[in-house]
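Heads up: the structure comes next, in structure tokens.
Bear in mind that the values in this text are calculations on the coordinates, not laboratory data. Just so it is clear, the model here is predicted, and its values are computed rather than measured. A quick note on method: Cβ atoms are made from the backbone with ideal geometry, for glycine too, and the neighbour counts reach across all protein chains shown.
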Amino acid sequence: MSNTSPTRPEADGSVSLVGITKTFGNATAVDHIDLEVRSGEFISLLGPSGCGKTTLLRMIAGFEQPDEGDILVGGASVVDLPPHRRPVNTVFQSYALFPHMTVAENVAYGLRQRRVPKDEIARRVQDSLALAQMVDFADRKPTTLSGGQQQRVALARALVNRPKVLLLDEPMSALDRKLREEMQIELKLLQRELGITFIFVTHDQAEALSMSDRVVVMEKGAVQQLGTTEEVYRDPANAFVAGFIGKQNFIDATVSSPDALTTADGSIPLHRLPQGVTSGSSVRAAVRAEVVQVSAQRPNGPALQGTLAGISFLGDSIQYVVLTASGLELIARVSPDRAEHLSTGDTVWCSWDASELRVFEAAA
Amino acid sequence: MVERPDIRALVPRASAARLSRRAFLSGLVVIGGTSVLAACAKSTGFAPSALPDGRVEGKLNVYSWGDYDDPSNIRSFQKSGTSVQFDSFGSNEELIAKLGATRGTSGYDIIVPTGSYIPMMAKNGLLEPLDHRYLKNMGNIDPLYLDQSWDPGNKYTVCKDWGTTGFVYDTRAIKRDLLTWGDFLDAATTEASKNVALLEDPWEVACTFFAANGIDPNTTKKADLEAANEYLVNTLAPHVKAFNSVAVTSGIPEETFTLMQAFNGDVRQGLLATDKPDAWKFVYPTPTANLWMDNWAIARGAQNMDAAYQFIDYILKPEVSFREVDYIGYSTGIKDLAAMAKKHDFSYPELVFPDAEVIQRLTPAEVNSSAGELVAILNRMMAKAGS
Amino acid sequence: MARRKVNGYAAIGFPTWAYVVFFFIVPLALVLWYSFGYKPDLFTAHANDILSFDRYAEALDATFVGTFWNTLRIGVIGTLLCLIIALPFAYWLAVKMNPKWRPLALALVLVPFWTNFLVRTLGWQIVLSPRGFLSDALQNLGIIHGRLDILYTQSAVQLGVVYNYLPLMILPLYVAIDRAGRPLREASADLGANRWKTLFTVTLPLAVPGIASGCLLVFIPLMGDYITASVLGGAQGNMIGQLVASQFNTAQNWALGSAMAVLLMVFTAAAVIVFGAAGLIIRSLVRRSRRVQLQGGAA
Ligand SMILES: Nc1ncnc2c1ncn2[C@@H]1O[C@H](COP(=O)(O)OP(=O)(O)OP(=O)(O)O)[C@@H](O)[C@H]1O
Ligand SMILES: [Mg+2]
């Protein structure tokens, strides 16, 4: 990274969304969203396809008008400003580089609109390309670049304007896995260094968790949970969030006592009952695949018995699929060095630390 | 009879443009027929025509100008048991090209060429000689329209209809009486200057000068052509507003011009369309003007001979012929049509049936060696007028 | 193996070269061949037993040159007018219009093409006539005093060619603007450009190929058009196509007509080259103005 970074914003890059709603025809894309993004924060919008992430981002950028609500950037309302007057820049999913301009001309575009003097443009374009490690490609046309190179140009083109807020809509979806992981690290470092607010859209939970300070999990146009990556991972607010973050096993059960659940395959212990859930009610328990142990011997504590139906090697872990007598399918991911030697058809026992079990009210 | 607005042939060939009823159907044709003729003249392989045998065939194929026959006549002819199929062409060149290329296998029985093309069509064997024994009604034709220079003795053709060229002027703009082509040229360069329409037809335009100066309109003399060029290009052209063969039918009601060279039947259409017909005067100018004629002929290779003769003979009946006149707006050359027109309250009969004395002085246009120079003169006039 | 490949290629390539040969090279070669011949007699349109350049000398007289300039003026002005009218329309179609209605709008653009070229030109004769409704309307509105005097003038031809060729300009422009695409316009706005800046720095530069093909599609057939001029033109607005047509039709002189046609093609091509070169110069100036000279860069 260049240490001549010129792009530290002096102004406040906070973003506030107040009761934002957007409908297309009779479909609600964004439904009364309130969100406070702190200045200099890396926040991810995470959610399944069609949940309204892009729409939300486009409203912040000004390409869509919210039907209701207000958007403030740095404390000032921007809803009445056209896109070209908003202090935000966007890195588009498809990069949207201008094909008729060279890389340097693309990067200079925003500065030229603001009538920055010619020599300053040259300097800032140079710096910005250096930051994106694209100086050597300054005179190439975007169509001659690889996906990762194009993405860096798109980033340089946005950052050169020193926006208070940078919006990124799935900028890495076109990259292969290795390149994506490299870029994730670079992007995160860059964001730290520049102190710009990043609002980052993705539907890849691993990407969101690895880069963000905080994560917004959305579904059907509404926020399901807002929290640090740790909070969202460890303490999902509801079954949807739990299901979306990590690989979850869901077990339908009844609360038999304050510290135990009865399932079709036997009783399992409970660490604590969530508020509002009483004995006798139906619940949905969730346990992440990473914390499930699979063993041929019955462990000391409570465990569910089943038959090993499948084994697959995922690289950094081994995944077991266990079928219980009631037909419940449990998935366990075990690191290879801790795995027992098992084969399909074996009778196995699944267990986990009681504190890892989350209990949610059963959906109506 | 009320005319509906016509879409007329715009082939810059006089013969096509002069007939209002020859509705434009076939498109603008640039396929010339003559080179095809040149090619086929060398080989003799023409399919022979069938001989008439007294048995009338059940069908007949006619190749004519678009919308050039009264549909009610066709319907009543078909009652005799022969169905008639019409195809249309847009220029004589197209007709010749088709016949030349198919060498007697075109399938057409009856065709309708213009008089000046007949000598070359006959010479190249495209036409079947007519057996006058099968055309009992030929006697109905006024002798004025028989035995024309381009088909002596009506060996190949009989008159379908004919017309002539004159001029029409707005009496509010031109207050004197114009009678001759000399008067026409004089008015064109004075009162009517910049409001004159000439036909887009080299022969017709040149004829104004030749006729006004007592020269044969079919002259091929170099001196005559040079004099015409000098006057038409340098004197007349700057006064001309348009060279347009179809201007008159809209030009009279729309009052776009004050003086227009025009074909007689087209002027009648213009007068029928205007609400101020009294303001206009049409002249059959002296000393002469074109007499053009479209003709019935039988194509070489015709397979329905008896039906073809029967159809032509049928059309030559006076009452049938009068319906033709009413439909197409030009005279068919049958005797006593003028009297029938009077009986039927036919409007402006004088524009369709000029006096015999007028007819006598007309000169049929010939396609001769001056044709190329006449085209060049017209092109120079157009360039001069536009400069 | 190699041989099969060649055969396979030839089979796939067949339609393309067949088109070029039958619809382009053969007719062009014939016209070129005729142009070196002559008209031997009255009833023969051409002969090629004696070859010469004489027809070119004959064709290239003052009439031809004068009419060519007249035609070139009509062609250039007509093309520019088409461009000026088609640009906002195509932009509106590609950018502003609800995509739902786009197919309908495009179909409407093509409606005039459903009628014969001659018929729709004759239609304008009625509209423009001095006693027509347009004339009456303009007089009633006090815009003109006295009857509309435009029919059979050069202005009428100008109007006629714009009407007749406008769809040929709109369609490629629409495709080009549509292809430039909304994401790029949004990117431009995102970087601080207003609508006009976006139009001139992104949308139009990307539409240049469409603009060029639209101009060619209008200019080239327009240069050879003679129907519009015959119907609406009168003496003031005659075009070179009429000269060529009169040689082929009326004079039946294919040799001279072919020489004129070849000259028309050559002159039109020359005009296209001149305008194309001017366009390239403008483009390089635009490019130079936006070039970014990095300082001490590794570039
Ligand atoms: N212009 C539009 N017109 C109509 N509906 C739209 C429009 N844009 C978005 N929508 C709808 O709004 C909803 C939210 O769409 P949005 O693009 O915001 O989803 P997303 O979360 O970005 O999904 P993805 O992860 O697939 O990109 C979807 O149901 C979509 O169909
Ligand atoms: Mg999206």
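Highest mean packing comes first when the peptides C:204-216, B:109-121 are listed by Cβ atoms within 10 Å, giving B:109-121, C:204-216. Residues in region B:110-125 carry Karplus couplings, in order, of 10, 10, 10, x, 8, x, 5, 8, 5, x, 6, 5, 5, 4, 8, x Hz; the curve used is 6.51 cos²θ - 1.76 cosθ + 1.60 with θ = phi - 60°, and Gly or Pro positions show x. DSSP beta bridges confined to the protein assembly as shown are antiparallel in about 70 percent of cases. In bins 5 Å wide, starting from 0, what share of all Cα pairs of region A:221-274 does each bin hold, as a percent? Over region A:221-274, the share of Cα pairs per 5 Å bin runs 4, 17, 22, 20, 19, 11, 5, 1 percent. Amide H contacts of B:Asn290: B:Thr165, B:Thr363, each under 5 Å away and 5 or more positions distant or on a separate chain (H built 1.01 Å from N in the peptide plane; Pro and chain starts excluded). For q = 0.06 Å⁻¹, what log10 I(q)/I(0) does the protein assembly as shown give under the Debye formula with an equal point scatterer on each alpha carbon and no solvent? Here log10 of I(q) over I(0) equals -0.69. In this structure the amide hydrogen of A:Lys22, modeled in the peptide plane, comes within under 5 Å of the amide hydrogens of A:Ala29, A:Val30, A:Asp31, A:His32, A:Asp67, none closer than 5 places in sequence on its chain. Over chain A, DSSP H runs of length four or greater, each weighted -39,500 (n - 2.57), average out per residue to a 222 nm ellipticity of -7000 deg cm²/dmol. Think of it as helices only: each DSSP H run of n ≥ 4 in chain C is worth -39500 (n - 2.57), and spread over all residues that comes to -22000 deg cm²/dmol at 222 nm. With 5 Å bins beginning at zero, the pair-distance distribution over Cα atoms of region A:120-222 amounts to 2, 11, 23, 23, 19, 12, 5, 3, 1, 0 %.
Globularity index of region A:43-101 is 1.25 (Cα radius of gyration / 2.2 N^0.38 Å, N = number of residues).
Tell me whether region A:64-203 comes out rounded, prolate or oblate; compute the Cα gyration tensor, take square roots of the eigenvalues as a ≥ b ≥ c, and use a/c under 1.5 as the rounded threshold. Can you show the working numbers first?
Values: a/c = 1.70, a/b = 1.22, b/c = 1.39.
Oblate is the answer for region A:64-203, as a/c is 1.5 or above yet b/c matches or exceeds a/b.
Over region B:188-282, what lengths in whole Å, largest first, do the semi-axes of the equivalent ellipsoid take, defined as the square roots of 5 times the eigenvalues of the alpha-carbon gyration tensor? Display every interim value, and only then the final one.
On the way: eigenvalues 143, 39, 20 Å².
Those come to 27, 14, 10 Å.
Think of each Lys and Arg Cβ as +1 and each Asp and Glu Cβ as -1; about the Cα centre, that makes the dipole of region A:15-234 roughly 740 debye. Our note on the geometry: Cα centres of region A:211-250 and region C:110-167, 68 Å apart.
With N set to the number of residues, divide the alpha-carbon radius of gyration of region A:224-314 by 2.2 N^0.38 Å and report two decimals. Mind showing how you got there, number by number?
Numbers: Rg = 14.6 Å, N = 91, 2.2 N^0.38 = 12.2 Å.
Dividing the Cα radius of gyration by 2.2 N^0.38 Å gives 1.20.
The alpha carbon centroids of region C:185-250 and region B:105-142 are separated by 49 Å. Across region A:248-361, the relative contact order, built from alpha-carbon pairs under 8 Å that are at least six residues apart, equals 32 percent. The equivalent ellipsoid of region C:63-107 has semi-axes of 36, 10, 4 Å, largest first, where each one is the square root of 5 times an eigenvalue of the Cα gyration tensor. Note on B:242-255: average number of Cβ atoms from other chains within 10 Å of each residue's Cβ is 5. Rounded to the nearest 500, what is the 222 nm mean residue ellipticity of chain B from helices alone, with -39500 (n - 2.57) per DSSP H run of 4+ residues and division by all residues? Estimated from H runs of four or more residues: -9500 deg cm²/dmol.
Listed peptides C:145-151, A:83-89 appear in the order A:83-89, C:145-151 once ranked by packing, highest mean of other Cβ atoms within 10 Å at the front. Computed from Cα atoms alone, the Kirkwood hydrodynamic radius reported for chain B is 21.4 Å.
May I ask for the Kirkwood hydrodynamic radius of region B:292-387, worked out over all distinct Cα pairs and given in angstroms to one decimal? Walk me through the intermediate numbers first.
Values: mean 1/r = 0.0589 Å⁻¹.
That comes to 17.0 Å for region B:292-387.
Distant-in-sequence amide contacts of A:Leu45, defined by a placed amide H-H separation under 5 Å and a gap of 5 or more residues or a different chain, comprise A:Phe200, A:Val201, A:Thr202, A:Val216. Sorting A:282-292, B:201-211, A:248-258 by average packing, meaning the other beta carbons within 10 Å per residue, from highest down gives B:201-211, A:282-292, A:248-258.
Rounded to whole Å and ordered largest first, report the semi-axes of the equivalent ellipsoid of chain A derived from its Cα gyration tensor (root of 5λ). Walk me through the numbers on the way to the answer.
Numbers: eigenvalues 425, 123, 48 Å².
For chain A, the semi-axes come out at 46, 25, 16 Å.
Within the straight-line cut-off of under 18 Å between alpha carbons, the lysines reachable from B:Lys194 are B:Lys175, B:Lys241, B:Lys384, sequence neighbours fewer than 8 places apart in one chain being disregarded. The Cα atoms of region B:131-270 define a convex hull whose projected area, averaged across directions, is 10.2 nm². Around A:Arg333, what is the net charge, scoring Lys/Arg as +1 and Asp/Glu as -1 over all other residues with Cβ under 10 Å from its Cβ? Net charge in that neighbourhood comes out at 0.
For region B:176-191, backbone phi angles converted through the Karplus equation (6.51, -1.76, 1.60; θ = phi - 60°) give residue-by-residue couplings of 8, 7, 9, 10, 10, 5, x, 4, 4, 5, 5, 5, 4, 8, 10, 4 Hz, Gly and Pro being listed as x.
Here the protein assembly as shown is treated with +1 on each Lys and Arg Cβ and -1 on each Asp and Glu Cβ, and its dipole about the Cα centre works out to around 1820 debye.
Look at where the Cα atoms of region A:315-334 and of region A:138-172 average out, and the two centres are 42 Å apart. Counting Cβ atoms of other protein chains within 10 Å of each residue's Cβ and taking the mean over peptide B:371-381 gives 6. Let me make sure I get this right: for region B:44-184, a, b and c are the square roots of the gyration tensor eigenvalues over alpha carbons, sorted descending. Under 1.5 in a/c it's rounded, otherwise prolate if a/b > b/c, else oblate. Which is it? Cα axes put region B:44-184 in the prolate bin.
Once you sort the root eigenvalues of the Cα gyration tensor of chain C as a ≥ b ≥ c, which label holds: rounded (a/c under 1.5), prolate (a/b larger than b/c) or oblate (the other case)? Don't skip to the answer; put the middle values down first.
Values: a/c = 1.89, a/b = 1.20, b/c = 1.58.
Because a/c hits 1.5 or more and a/b fails to exceed b/c, chain C counts as oblate.
Excluding A:Gln93 itself, calculate the net charge of residues whose Cβ lies under 9 Å from the Cβ of A:Gln93, where each Lys or Arg counts +1 and each Asp or Glu counts -1. Could you put the intermediate results ahead of the total?
Working: positive: none; negative: A:Asp169, A:Glu170.
Surrounding charge for A:Gln93 is -2.
Quantify how strongly other chains surround peptide C:221-232 by giving the mean number of their Cβ atoms within 10 Å of each of its Cβ atoms.
Working: counts 0, 0, 0, 0, 0, 3, 3, 0, 2, 11, 5, 2.
Mean shielding count: 2.
Just to confirm a number: summing +1 for Lys and Arg and -1 for Asp and Glu over residues other than B:Ala211 whose beta-carbon lies under 13 angstrom from that of B:Ala211, what do you get? Mind showing how you got there, number by number?
On the way: positive: B:Arg361; negative: B:Asp183, B:Glu204, B:Asp216, B:Asp224.
Cβ neighbours under 13 Å give a net charge of -3.
Kirkwood Rh over alpha-carbon pairs of region A:248-361, then Stokes-Einstein at 20 °C and 1.002 mPa s: what D in µm² s⁻¹, rounded to an integer?
Details: Rh = 14.4 Å.
Translational diffusion coefficient: 149 µm²/s.
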